[in-house]
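Only the coordinates and a few stated rules stand behind these numbers; no lab work does. All values derive from a computational prediction rather than experimental measurement. A quick note on method: Cβ atoms are made from the backbone with ideal geometry, for glycine too, and the neighbour counts reach across all protein chains shown.
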Amino acid sequence: AGTITFTIIKPGAVKNEHIGPILDKISDAGFHIAAMKMVQLSRSEARSFYCIHKDKPFFEDLVEFMVSGPIVAAILQKENAVDDFRKLIGNTDPTKAEPGTIRHMFAKSVQANAVHGSDSDENAQKESEYFFAGYEKFFEVKKT
Ligand code: CMP
């Protein structure tokens, strides 16, 4: 039950064997994993996923980083999912992330910041649909 957010465990965190510890933090924080898969993005997929940043100076570097290895994409379900997940991951810049947050624990830099989290309900929907078909989503249904 509740709302959704979308996350990516980024290539650096996957390479450093942080998938398990990051999923533990996500489960401990009360999120239901409604969809999940490990994939290698192509450059065109990474570009279209991050197209809102296409005019930023860091865009090409970000795309290269995101295709540098496999990623784990997931849809997470919880009450207040977008905001609660952003609190759990911490600031985009790991030097500014609070102790105990996923980025404080696992991020190496602003670019290699361990995880992505949606910034709004609308983007959570768009990003989820970009990665997952209907038959790949398993939402928790509130029991009556
Ligand atoms: P994410 O939440 O995935 O959304 C966009 C990403 O762009 C962000 O995390 C960072 O990894 C990256 N990013 C944002 N700002 C910068 C920056 N100033 N320099 C390099 N990368 C950045």
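Applying 1/(1 + (r/R0)^6) with R0 = 25 Å to the Cβ-Cβ distance of Tyr135 and Leu23 gives a FRET efficiency near 0.65. Ignoring lysines fewer than eight residues from Lys142 along the same chain, the ones with Cα atoms less than 22 angstrom from its Cα are Lys78. Its residues counted as N, region 67-138 yields a C-alpha radius of gyration over 2.2 N^0.38 Å of 1.17.
With R₀ fixed at 22 Å, the C-beta to C-beta distance from Lys142 to Glu122 puts the FRET efficiency at about 0.45. For the chain, adding -39500 (n - 2.57) for each run of n ≥ 4 DSSP H residues and dividing by the number of residues yields -10000 deg cm²/dmol at 222 nm. The fewest-to-most ranking of Val141, Val72 by surrounding Cβ atoms within 10 Å reads Val141, Val72. Between Gln111 and Ser44, full extension at 0.36 nm per residue minus the direct alpha carbon distance yields a gain of 22.3 nm. Result for the chain in a Gaussian network model with C-alpha springs under 10 Å: among Pro11, Pro99, Pro57, the largest mean-square fluctuation is at Pro57. For region 3-136, the percent of C-alpha pairs falling in each 10 Å distance bin, counted from 0 to the bin holding the largest distance, reads 13, 46, 37, 4. Whose amide H sits under 5 Å from the amide H of Thr3, counting only residues 5 or more places off or on another chain, with H placed in the peptide plane? Those lying under 5 Å, H to H, from Thr3 are Lys78, Glu79, Asn80, Ala81.
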